[in-house]
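Some notes on the structure that comes next.
The values are calculated or read from the model by the stated rules, or taken from the named source; none is laboratory data. Remember, predicted model here, so these are calculated numbers, not experimental data. FYI the Cβ positions are ideal-geometry reconstructions off the backbone, even for glycines, and counts take in every protein chain you see. Heavy atoms of the whole protein, side chains included, go into the accessibility calculation; ligands, DNA and RNA do not. Shrake-Rupley method; radii C 1.70, N 1.55, O 1.52, S 1.80 Å.
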Amino acid sequence: MKESEWKKFKKLKELCLERFCDGVLNEATCICKSNEKTAHERYGDLYKLIRDKDKELANAFNGLSRGKAFIQLMMMYRMGLVEEKQLDEFEDETKNSVRDIVNRDDL
């Protein structure tokens, strides 16, 4: 990843991390406020959510290196955290590769 893209990626990564965490917190709030389950069931659901989302967070966001940047960009895009206009800010080769890989049927 070129230096110009790297700078864009670092800013985008922070924004996507905030979006991801906000989404998890919204899901957690829904679980906690649900009256359809017992407190124990909601606790179990909340625990499972946090455990699963923590794995996703680690895969997509842990570490900051140019070597991992493309994979992380692809993962954030696949997770719906990168808007099309944000991806369009990258060079054609990068954005087309991300879209091609994410849109493959065999993934």
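Straight-line cross-link partners of K68 among the aspartates and glutamates, defined as a Cα under 12 Å from its Cα and at least 8 positions apart when in the same chain, are absent. If I compute solvent accessible area with a 1.4 Å probe over the protein chains, what percent of it on segment 8-107 is carbon and sulfur? So the carbon and sulfur contribution to the accessible surface is 52 percent. From the P(r) of the chain, can you give the percent of Cα pairs sitting at distances over 16 Å? In whole percent, the long-distance tail amounts to 61. Between L46 and K68, the C-beta separation translates, for a Förster distance of 35 Å, into a calculated FRET efficiency of about 0.75. Charge tally around G44: other residues with Cβ under 12 Å, Lys/Arg +1 each, Asp/Glu -1 each, net +2. Dividing the summed -39500 (n - 2.57) terms of all DSSP H runs of n ≥ 4 by the residue count of the chain sets its mean residue ellipticity at 222 nm at -25500 deg cm²/dmol. Taking the centroid of alpha carbons for each part, segment 78-95 and segment 1-72 are 18 Å apart. Within segment 1-99, the GluC sites (Glu not before Pro) that combine a DSSP coil assignment with at most 10 other C-beta atoms in a 10 angstrom radius are E36.
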